[in-house]
Amino acid sequence: SAVSSNSLKSSLLQLECHFTWTLLKQDVDLDDLQETINDQIEFYAEFNIRNYNLLSYVCHLNNSNEEALRSLQKAEELIKKNHPDEIAKKSLVSWGNYAWIYYHMERYEEAQVYISKVENSYKMLSSTAQGEIQLSEIYAEQGWALLKFGGKYYEKAKNCFEKALKNEPNNPEFNTGYAIVTYRLEDFSLRRCEDVKLSLEPLKRAVKLNPKDTFIMALLALKLQDLNQVDEGERYIEAAMQKTPDLPYFLRYAAKFYRRKGEVDKAIETLKKALAVTPKSVFLHHQLGLCYREKLSQLKKTTRYPPQEQVEELIRLCIFYFKTVTDQRTKFFHAHADLANMYAQAKRYEEAEEMFQKAFQINILSYDNKQLLYYYYGNFQQYNMKSESEAIRYYMKGLKIEKGSYGRNKCINALKKLLEQRIRRGLGGAAEFGTLGHIHHLNGEKHKAIECYEKALALYPDNEEYLSALCELRLSI
């Protein structure tokens, strides 16, 4: 009997694999992800079964199912070579991906073969203690995949690693995944002005269980640096440097450690070493741009009249490295914002404007990145384009996203300063006083807010917005 697409669908949805883990392609830059996975295949061979499984899914999202099948064949070869006694147990995710890819290619018979393989393996495993452990491995593989799809997925990824650790609390790899995801979540929280210190213990535990893994040592070092334990952090960096002097994944974070410590030349040297190994890495180019930008600001801070040619050379290097990134990666937000700001510094205003517009078009921006972008663009309007009205408009846009973040705080402070200047210069209309009232209200300064709203109403007597704000404030005091 011919297998139909409908009869397969419900079985396919039962499979645990990348196709059922709701990893959406609109949340990532697929080219970037494909390059990352290829690099990891080269440098972290011990995880290649997992990497090839993920790569097969990414190839499918990139509309190349033939290539996806080739990745799964590579995963299969590795399973046969490395786990000859547990082929069924280790193949569940690969077989699930096979079934889905054949289904999308309308090769329904073959899809059914793989569905049956998975179902039979589960029957076999469910009667053994191995079954539980197998589930942990699948949870972990799901966790790693979610991690790769970006910030939206981190909470889910953390859940997966927690489930995996329930059955195997001392598994080194699960502990590493859990530590990485808590570290990244914490990084988000810092940018969103929330105070958390959850990742220190998981990182220490992962380092203890994975003495060879220098990537996780570098993350621990950065976390210690965040907590002002710089010397202890540096001890980990130096120990890791002895173990893997050429591993680009370690070097990129070692460089970040040195840059944040103010040792910019050492950071540059470390990044160039990593770049020699992975010359295409976008991350490394971006980090080099940040280093030259740091040198530029150090030069301006320490020298009253910095030599013009030195300033120009540093700006040129910043632009070169940031542009290398934005040319290749249309969704790398920070590189776009950094390049736009650098063009503005170089007084290349048309290119700055064009770059800002490209940044506004990135469709995977988180709210805190949007707020930061409104702040940068407001700044550009205020200081470079000399348009205070546009600056106010964009700072306001940052405020209107009502979630706290570093960028939103910047918008609030810039707006407050600009409005107060305008009022001092005698340019205070109703709008200026009204907006300033709103900011005082946000900052909890109720009496100042009332005063501003009263001035706004004196200039614009029947404004509904100012009246209702004023009533609300008076009632709350």
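So how compact is the range 1-153: Cα radius of gyration and Dmax in angstrom?
15.0, 46
Per the 1.4 Å probe, what fraction of the accessible area of the chain, in percent, lies on carbon and sulfur atoms?
50 percent
Which entries of K80/K156; K25/K117; K397/K417 have Cα-Cα distances beyond 19 Å here?
Going by Cα-Cα distance, K80/K156; K25/K117 fall outside the 19 Å limit.
Tell me which trypsin sites (Lys or Arg not before Pro) from the range 246-353 have a DSSP coil assignment and no more than 12 other beta carbons within 10 Å of their own.
Hits after loop and neighbour filter: K280, R304, K347.
Just the accessible area per residue of the chain, please: how many Å² with a 1.4 Å probe?
About 49 Å² of surface per residue is accessible.
For Cα extents along the principal axes in Å, the choices are (i) 82, 54, 41; (ii) 67, 56, 38; (iii) 96, 84, 43; which was calculated from the structure?
Recomputing Cα extents along the principal axes in Å here picks out (i).
Kindly express, to the nearest 10 degrees and within the range 0 to 90, the angle between helix 172-191's C-alpha long axis and the longest C-alpha principal axis of the chain.
Approximately 10 degrees, to the nearest ten.
As an exercise, use a Förster radius of 30 Å and the Cβ-Cβ distance of N228 and E42 to find the FRET efficiency, rounded to the nearest 0.05.
The formula returns an efficiency of 0.25 here.
The values are calculated or read from the model by the stated rules, or taken from the named source; none is laboratory data. What you see is a predicted model; the values in this text were computed from it and never measured. All Cβ positions, glycine included, derive from the backbone under ideal geometry; neighbour counts span all protein chains shown. The area values use the complete protein model at the heavy-atom level, side chains included, leaving out ligands, DNA and RNA. Shrake-Rupley method; radii C 1.70, N 1.55, O 1.52, S 1.80 Å.
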